[in-house]
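Let me begin by presenting the structure, written as structure tokens, before commenting on it.
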Amino acid sequence: MLKVGLTGGIGAGKSEVSRLLVAAGAVLIDADEIAREVVEPGTSGLAAVVEAFGEDVLAPDGSLDRPKLGAVVFADAGKLAALNAIVHPLVGARSAELEQAASADAVVVHDVPLLTENGLAPLYDLVIVVDASPATQLDRLVRLRGMSEEDARARMATQATREKRLEIADIVIDNDGPLEGLPERVAEVWADLERRARA
């Protein structure tokens with residue numbers, strides 16, 4: 001099994017890279033998806049979030065109101081740390097379960113947005129960083145995701161710098177240009193990952 005950590009700044013195109021890797025044959029373990037799963041209604045994770053942040057973070061149907069919680073934690077480093085202390089251990093445990101279920105010869109890609117920030121690089125055989133300039137990230141967040149420039153900059157500011165991400169990279173996928181070239185770049189990386197998995 002080859003364990004790969006995949007990360008990149010918000011708006012860099014990491015989700016598109018993970019989609020292409022799955023299409024090529026990778027087993028994907030998506031930390032964001034698991035982070036949503038562990039705070040679904042009825043889970044101990046959601047109960048802990050409500051205990052820490054109050055009933056105000058719930059939607060009328062009893063699910064987590066993510067935008068409301070985001071507005072609270074992204075404006076306050078202490079609250080963000082408190083949320084991470086609840087969610088990260090749950091995500092880690094579920095990720096380990098999913099990894100153990102993969103076949104022995106699989107290329108398992110862990111899509112982890114905060115891999116750099118949380119010092120997780122040593123957990124993987126290698127780390128892939130999807131890289132784009134801050135200007136490109138900002139443009140994509142505003143133009144494609146409909147964020148205000150202020151919101152986009154605030155989200156980017158909570159993440160590691162581009163330099164910090166590149167420091168931990170074993171493989172860099174440059175996604176600063178048009179998306180049309182991305183499949184070809186990812187195909188080259190996939191061929192390399194398959195070679196390493198067989199070695």
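The values are calculated or read from the model by the stated rules, or taken from the named source; none is laboratory data. These numbers were taken from a predicted model, which means no experiment stands behind them. In this analysis, Cβ positions are derived from the backbone assuming ideal geometry, glycine residues included, and neighbour counts consider all displayed protein chains. Surface areas here come from the heavy atoms of the whole protein model, side chains and all, with no ligands, DNA or RNA. Shrake-Rupley method; radii C 1.70, N 1.55, O 1.52, S 1.80 Å.
On each of the three principal axes of the Cα atoms of region 40-115, give max minus min coordinate, whole Å, ordered largest first.
46, 27, 17
Can you tell me the dipole magnitude for the chain around its Cα centre, using point charges on the Cβ only (Lys, Arg +1; Asp, Glu -1), in Debye to the nearest 20? Please report the intermediate quantities before stating the final value.
Numbers: 20 positive and 33 negative charges, 37 e Å.
I would put it at about 180 debye.
Once amide H atoms are built 1.01 Å from N in the peptide plane, which residues 5 or more positions from residue 173, or in another chain, come under 5 Å H to H?
Those lying under 5 Å, H to H, from residue 173 are 129, 130, 131.
State the Cα centre-to-centre distance between region 28-86 and region 96-156 in whole Å.
The distance from the Cα centre of region 28-86 to that of region 96-156 comes to 19 Å.
Taking N as the number of residues in region 53-167, what is its alpha-carbon radius of gyration divided by 2.2 N^0.38 Å? Show your work: numbers first, answer last.
Values: Rg = 16.6 Å, N = 115, 2.2 N^0.38 = 13.4 Å.
This ratio for region 53-167 stands at 1.24.
Taking springs between alpha-carbon atoms closer than 10 angstrom, which of 133, 18, 103 fluctuates most in the Gaussian network model of the chain?
Ranking 133, 18, 103 by mean-square fluctuation puts 103 first.
Calculate I(q)/I(0) for region 101-199 by the Debye formula, one identical point scatterer on each C-alpha and no solvent, and give its log10 at q = 0.13, 0.18, 0.24 Å⁻¹ to two decimals.
Results for region 101-199 at q = 0.13, 0.18, 0.24 Å⁻¹ read -0.56, -0.99, -1.36.
What ranking, highest mean first, results for peptides 4-12, 123-131 when packing means the other Cβ atoms within 10 Å averaged over each residue?
Averaged packing, sorted descending, gives the order 4-12, 123-131.
Apply the Kirkwood formula to the chain: the hydrodynamic radius equals the inverse of the mean of 1/r over all pairs of different alpha-carbon atoms; give it in Å with one decimal. Present the calculation step by step, with values, prior to reporting the outcome.
Values: mean 1/r = 0.0561 Å⁻¹.
Taking every pair of different Cα atoms in the chain, averaging 1/r and inverting gives 17.8 Å.
Leaving ligands, DNA and RNA out of it, report the carbon-plus-sulfur percent of the accessible area of the chain at a 1.4 Å probe.
Numbers: 5530 of 10430 Å².
Reported share for carbon and sulfur atoms: 53 percent.
Roughly speaking, what % of Cα-Cα pairs in region 146-199 are separated by over 13 Å, rounded to a whole number?
Details: 1033 of 1431 pairs.
Above the 13 Å cut-off, region 146-199 has 72 percent of its Cα pairs.
Report, by chain and number, residues whose modeled amide H sits under 5 Å from the one on residue 6, excluding near sequence neighbours (fewer than 5 apart, same chain).
For residue 6, whose amide H was placed from the backbone, the distant partners under 5 Å are 110, 111, 112, 128.
Using only DSSP helix segments of four residues or longer, with each worth -39500 (n - 2.57), what per-residue ellipticity at 222 nm results for the chain after dividing by its residue count and rounding to 500? Don't jump to the answer; show the numbers that get you there.
Working: 9 runs with 103 residues, N = 199.
Calculated at 222 nm, the ellipticity per residue is -16000 deg cm²/dmol.
State, in angstrom, two size descriptors of region 15-63 derived from its alpha carbons: Rg to one decimal place and Dmax to the nearest whole number.
My reading of the Cα-based Rg and Dmax gives 15.0, 43 Å.
With a 1.4 Å probe and every protein chain left in place, work out the accessible area per residue of the chain in Å², rounded to a whole number.
That works out to 52 Å² per residue.
Quick one: among 159, 137, 100, which has the greatest mean-square fluctuation in a GNM of the chain with alpha-carbon springs under 10 angstrom?
100
Once phi is turned into θ = phi - 60°, what whole-Hz ³J(HN,Hα) does the Karplus curve with 6.51, -1.76 and 1.60 give for every residue of region 43-52, x standing for Gly and Pro?
Going residue by residue, I get 8, 5, x, 5, 4, 5, 5, 5, 4, 7 Hz, with x marking Gly and Pro.
Could you go through region 69-77 in sequence order and give the Karplus-derived ³J(HN,Hα) for each residue, using 6.51 cos²θ - 1.76 cosθ + 1.60 with θ = phi - 60°, rounded to whole Hz, and x for Gly and Pro?
After applying 6.51 cos²θ - 1.76 cosθ + 1.60, I find 5, x, 4, 6, 7, 6, 8, 8, 4 Hz.
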